[in-house]
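Encoded as structure tokens, the structure appears first; notes follow it.
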Amino acid sequence: MRRLVLLMPFMLLALAQVEVLPGWVRLLSPTAKTTAAYLTLVNRGDKPLRLLGAETPVAERVSLHETYHLQREGQTVMGMRPVPHLDIPPGGRVELKPGGYHLMLEGLKRPLEAGEKVELTLVFQGGLRVKVLLPVEMR
């Protein structure tokens, strides 16, 4: 019990370090097996934060991705690729948004419905885990 008491102040400080601004999950057709989630992370602390990924009960896995643009033969080619983590500098923010960084919810276990809330657990380096609820929206 004593160990738990000693760890709790650290966890409260860590939770105060990250602020999650409202986000959303993209509504797609009921047959889609993958969708994306978007939100903004703000580092209120004086140490960097590293987002490693996320978990959700509605999908088999969640991975971090970035959208990229390449010039090929005079044409712009757009795609997505996974990234191992996202760093949020002290006092900084990272916006996960369409056309940029985002969370891919892969292997959806069921169709998502407009207006429902999806629970995501954001996983940070050092063991910090932050739960958020994001509405499913068509945008």
Among the residues of the range 110-125 satisfying the criterion of being among the aliphatic types (A, V, I, L, M) and part of a loop (DSSP other than H, G, I, E, B), which is farthest from Pro22 (Cα to Cα)?
-> Leu112
Filter result for Leu96 (surrounded by 11 or more Cβ atoms within 10 Å (Cβ to Cβ), of a type in the set (A, V, I, L, M, F, W, C) and more than 12 Å from the chain's Cα centre (by Cα)) = no
Scan the range 72-87 and report the pairs whose first residue is without any contact (Cβ under 8 Å) to a residue 40 or more places away in the chain and over 30 Å from Lys47 (Cβ atoms) and whose second residue is exposed (fewer than 10 other Cβ atoms within 10 Å of the Cβ) and not aliphatic (A, V, I, L, M), with Cβ atoms within less than 8 Å and a gap of 6+ or a chain change.
-> Thr76/His69; Val77/His69; Val77/Gln71; Met78/His69
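A quick yes/no check of all residues on (1) over 14 Å from Gln17 (Cα atoms); (2) in contact with a Phe, Trp or Tyr (Cβ under 9 Å, 6 or more places away or on another chain):
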| site | (1), (2) |
| --- | --- |
| Lys47 | no, no |
| Ala54 | yes, no |
| Leu70 | yes, no |
| Met80 | yes, yes |
| Arg93 | no, no |
| Lys97 | yes, yes |
| Gly127 | no, no |
| Leu133 | yes, no |
Quick count over the range 24-55, residues being of a type in the set (Lys, Arg) and in contact (Cβ under 8 Å) with a residue 60 or more places away in the chain, is 3
Out of (1) over 16 Å from Val25 (Cβ atoms); (2) modelled with pLDDT of 95 or more, the odd one out for Val77 is which?
-> (2)
Would you check if there is a residue in the range 101-109 being free of Cβ contacts under 8 Å to residues at least 60 places away in the same chain and either closer than 19 Å to Leu49 by Cβ or in a strand (DSSP E or B) (or both)?
-> yes
Output the number of residues of the range 44-58 satisfying the condition of being acidic (Asp, Glu) and within 22 Å of Trp24 (Cβ to Cβ).
-> 1
His65 crowded, with 18+ Cβ neighbours inside 10 Å, in a strand (DSSP E or B), free of Cβ contacts under 8 Å to residues at least 60 places away in the same chain and in contact with a Leu (Cβ under 9 Å, 6 or more places away or on another chain) = yes
Provide a single number: the residues in the range 99-125 that are acidic (Asp, Glu) and under 12 Å from the mean Cα position of the chain (by Cα).
-> 1
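The values are calculated or read from the model by the stated rules, or taken from the named source; none is laboratory data. Keep in mind that this is a model prediction, so the values were computed, not measured. Heads up, the Cβs are rebuilt from the backbone with ideal geometry, glycines too, and the neighbour counts pull from every protein chain shown.
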